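Reading through the structure tokens given below for one structure.
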Amino acid sequence: TTNNKQNNIIVSSSSRSTRPPEKSKVNSKKSNLIGEREDVPPWFPWVPTETQINSLKVVELRAACAERELLTTGKKADLQNRMLIWATVQDRKRVNDRLNGLKNLIRVSKSKDAAAAASGETAGSAVDDAVESYDVGALTNKRKALTKEKKRSRGGSNNRGILGLVDETYFNGTATDIKVEEEEEDEEEEIAEDDNSMVNEASINQLSKTFNAPSSNFTNREVSEMYIEARAADQTGNRKRSKAILTQLRAATPNDMRVVRRLSRMESEDGNLAAARSILQQGLEAEPDNAHLLHGVGQLERKAGNDYTAKKYFRRTIKRDPSFPNPYHALGTLEHTHGNIRAALTVIKEGIRNCPQNHRLYHALGDVYLDANMLDLAEESYLAGLQHGPHWSKSFFYTSLSFVSYALGHTRNSRTLLRQSLEVNGGMHAQGVIALAQLEESEGNVEESREVYRDAILRYEKKRRKRSPNRRNGSKNGQKKNGSDDESSFDTSSLVDGQGNPYTRAYAGDKWINVFKSWARMEEIHGTYETAHIVYSKAARLFPNNVDLLIQWAELQAEHGDVDRARLLYEAACHRVGGRTAEPYEKFAMFEMTRKNFVEAQAVLLRGAQAVADLSIGGDGKSGLTLAHLLHTWGVCEYHLGSLARAEQLFDDALRVTGSEEGDSSMRSLVLYSMSRLEFARGEYLLAQHCVGLSLKENLLPGGNSLIWKLWHNIAKKMENEHLATRCKEQALLRWEEERGGTVSDLSRLLGERQRPRDYIAAKSSASSNENNQRVLPERTGSVMKDVFRKTPWYSKICPPSGRMDKNWYAGAKLWEL
């Protein structure tokens with residue numbers, strides 16, 4: 001009898017709209033004392049919410065109370081209170097019934113495991129009958145009703161504010177707490193607010209697997225506390241402890257893919273791309289269709305520079321879980337960054353249809369509209385996202401709305417919005433600080449801009465020093481460090497050994513380094529060498545592991561003739577980077593080569609090649625690309641030292657480690673150009689002409705550049721082909737005239753690619769049928785288009801586009817002229 005009862009378990013679950021059979025609408029009408037007919041509205045659920053109760057009239061309230069066998073006497077407030085108490089009791093009772101039902105389902109699953117294994121059935125199929133009897137639709141309807149009610153309660157007025165741009169009701173709220181700026185990174189535990197599939201057959205089967213899994217050495221509470229502790233350790237800069245806790249969690253909870261995702265991301269942030277990829281691949285072996293892991297691989301490929309591969313993983317993630325908002329955001333912003341506005345709009349709008357409550361998608365949509373100069377649509381998108389986002393996200397939306405206001409010519413309103421963005425989280429909004437300071441700089445208010453930077457940095461330093469364990473140590477160390485602010489007491493020992501730093505380590509993804517870089521750039525232009533040097537010095541103490549910062553600081557010293565300081569900083573950068581990337585070694589070698597120190601440069605390049613020997617062919621995108629740059633620079637160095645055979649071998653190695661994707665074509669073009677120069681120096685003119693032709697084909701810009709045509713002109717003259725030499729000279733002069741226009745001219749040439757026939761684009765793209773119908777920029781332009789899109793409206797004033805889009809190519813080619 002007991003077994004039969006267990007086999008026939010039925011978990012009843014009624015939603016708010018479910019009415020007991022004995023309380024049908026036919027019997028819901030009753031007569032009051034004066035003979036009126038009282039009727040409960042047809043939309044009124046059996047277990048209503050407080051808002052629904054308050055919306056009823058007195059007559060309707062009495063009818064509802066009578067239907068539920070409650071007292072119908074008293075005033076309206078008494079009736080509402082009586083109905084609310086009854087609804088609360090019923091709601092709690094229903095929740096308890098559902099919990100008991102889930103426990104019974106799990107108990108059935110456990111009791112049926114042995115029988116299922118003997119009969120060849122799976123553990124999930126043993127509870128199919130019970131799952132079918134579980135009213136999943138009722139739970140789904142309830143969640144929809146709650147979400148709809150929540151959206152209705154959020155509704156406000158549509159009064160337009162500043163010059164018809166912004167609804168001022170959004171600015172009336174004040175910050176109730178001060179929170180460290182949340183970066184718009186993809187969190188692996190982020191769940192779409194509009195997920196209506198919380199309970200279904202798959203989730204119950206997964207719950208059964210979890211309960212049937214081997215017992216762990218940690219309780220659920222301990223696991224939760226460990227996860228929170230790992231995140232806290234990461235945010236305070238103690239990444240070693242965070243990784244150790246996550247490793248324990250991974251062993252204790254092998255089915256929790258949040259741990260795998262976070263551990264992989266930490267390895268990626270530390271530059272260990274191979275370790276990060278290995279962790280994700282192990283997770284995918286256990287769950288090949290896990291959307292969070294697939295998205296993590298896509299983010300890893302994007303960071304590695306493999307944008308085309310990243311797009312494929314993002315599309316695969318969307319196909320596996322259309323309700324997951326992060327891949328829509330990642331793919332949409334990547335297409336936007338590459339200049340593919342139409343493709344970006346398509347992806348982001350699809351994401352909003354599937355995840356209508358995600359504020360990050362609205363923000364990304366507004367950014368695309370802003371770059372497309374669709375200001376009205378951009379404003380609407382930002383306002384919609386402002387409704388759905390948490391409190392900390394308001395600072396990002398205020399900043400973006402200031403861009404719209406500035407684009408409309410309202411500079412004062414833009415400044416007001418930027419200051420409002422800094423009031424949300426106590427000023428801890430790096431993007432807002434940079435935007436406000438650069439706005440003042442673009443208007444010629446250099447002192448006001450400097451004041452914005454100074455105030456923001458003081459707040460940030462106070463925050464970092466406040467949580468520092470070194471603060472308790474005596475004031476001697478503090479006095480010593482304060483004395484080092486003097487420009488004359490230059491010392492990089494702390495950058496190498498990491499000792500004596502009074503600040504805690506920056507947490508992962510800390511964007512405040514960009515504030516220091518922006519301030520230093522302004523001081524280099526409008527200030528003096530001393531002021532820029534002091535800014536870099538402050539930044540290096542707060543971010544001692546940031547290699548890019550050390551390289552920029554070294555370039556400042558080299559520009560002002562302080563070779564010894566520059567050399568010390570380059571050494572510190574190489575020491576800090578270890579074997580994660582070859583870029584510091586290449587920069588250091590180029591610094592020595594420009595001073596004719598080819599032997600010293602050769603030693604640096606050899607040391608760098610030994611440090612990054614693990615970077616395999618095409619393995620890690622950007623890492624492999626920096627290795628190719630290092631080998632190319634080394635080959636040119638050997639040419640200047642007279643070792644042509646070794647230079648040829650190094651060029652072959654550089655071409656071998658360069659990726660095969662279209663985005664790597666610029667690097668291939670540079671290596672082939674150098675191979676042509678080498679063969680030209682040897683007198684092998686046919687080989688030189690072959691290599692220069694391949695270089696022209698792989699070049700970033702349509703039609704190549706003046707240096708390629710100039711080299712081909714010289715080759716044609718040596719081959720006594722006057723007609724070819726004349727044509728090459730004409731092309732060289734034409735490209736030279738175009739290059740005088742700088743970035744603007746280069747961009748116009750790139751945009752000319754959009755006019756190519758559709759059948760060409762269809763042949764070049766095989767990602768999806770939709771892409772074949774869109775005229776998008778070639779993949780090779782993605783890396784350089786990042787410097788054009790997603791910038792502030794006043795960026796062109798403070799950073800005029802006077803350079804070249806293929807500046808890295810020219811920097812490598814100019815090494816032959818030393």
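The values are calculated or read from the model by the stated rules, or taken from the named source; none is laboratory data. Bear in mind that the values here come from a model prediction, so they are computed numbers and not experimental data. Using ideal geometry, Cβ is built from the backbone for each residue, glycine included, and neighbour counts are taken over all protein chains shown. Ligands, DNA and RNA are stripped out before the accessible areas are found, and what is left, the full protein with its side chains, is counted by its heavy atoms. Shrake-Rupley method; radii C 1.70, N 1.55, O 1.52, S 1.80 Å.
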If you go through 265, 241, the only one that is closer than 23 Å to residue 612 by Cβ, assigned to a helix (DSSP H, G or I), open to solvent by 10 Å² or more (accessible area, probe 1.4 Å) and basic (Lys, Arg) is 265
Within the bounds of region 459-476, is there any residue that is surrounded by 23 or more Cβ atoms within 10 Å (Cβ to Cβ), modelled with pLDDT of 55 or more and more than 30 Å from residue 568 (Cβ to Cβ)?
no
Within region 303-343, how many residues turn out to be out of contact with any Phe, Trp or Tyr (no Cβ under 7 Å at 6 or more places or on another chain) and not in a helix (DSSP H, G or I)?
9
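Per-residue answers, yes or no, for (1) in a helix (DSSP H, G or I); (2) at pLDDT below 95; (3) closer than 15 Å to residue 808 by Cβ:
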{"site": "629", "(1), (2), (3)": "yes, yes, yes"}
{"site": "637", "(1), (2), (3)": "yes, no, no"}
{"site": "642", "(1), (2), (3)": "no, yes, no"}
{"site": "656", "(1), (2), (3)": "yes, yes, no"}
{"site": "660", "(1), (2), (3)": "no, yes, no"}
{"site": "665", "(1), (2), (3)": "yes, yes, yes"}
{"site": "668", "(1), (2), (3)": "yes, yes, yes"}
{"site": "694", "(1), (2), (3)": "yes, yes, no"}
{"site": "697", "(1), (2), (3)": "yes, yes, no"}
For region 644-654, check the following and say yes or no: at least one residue is within 34 Å of the chain's Cα centre (by Cα) and either under 30 Å from residue 531 (Cβ atoms) or open to solvent by 10 Å² or more (accessible area, probe 1.4 Å) (or both).
yes
The correct count of residues that are surrounded by fewer than 22 Cβ atoms within 10 Å (Cβ to Cβ) and either at pLDDT 90 or above or assigned to a loop (DSSP other than H, G, I, E, B) (or both) in region 576-586 is 3
Return only the number of the condition from (1) under 16 Å from the mean Cα position of the chain (by Cα); (2) hydrophobic (A, V, I, L, M, F, W, C); (3) under 26 Å from residue 348 (Cα atoms) that residue 257 does not satisfy.
(1)
Among the residues of region 377-389, is there at least one that is closer than 22 Å to residue 795 by Cα, touching a residue at least 12 places away in the same chain (Cβ under 8 Å) and in contact with a Lys or Arg (Cβ under 9 Å, 6 or more places away or on another chain)?
no
Test: residue 454 is free of Cβ contacts under 8 Å to residues at least 40 places away in the same chain, under 16 Å from residue 521 (Cβ atoms), surrounded by fewer than 23 Cβ atoms within 10 Å (Cβ to Cβ) and more than 24 Å from the chain's Cα centre (by Cα)
yes
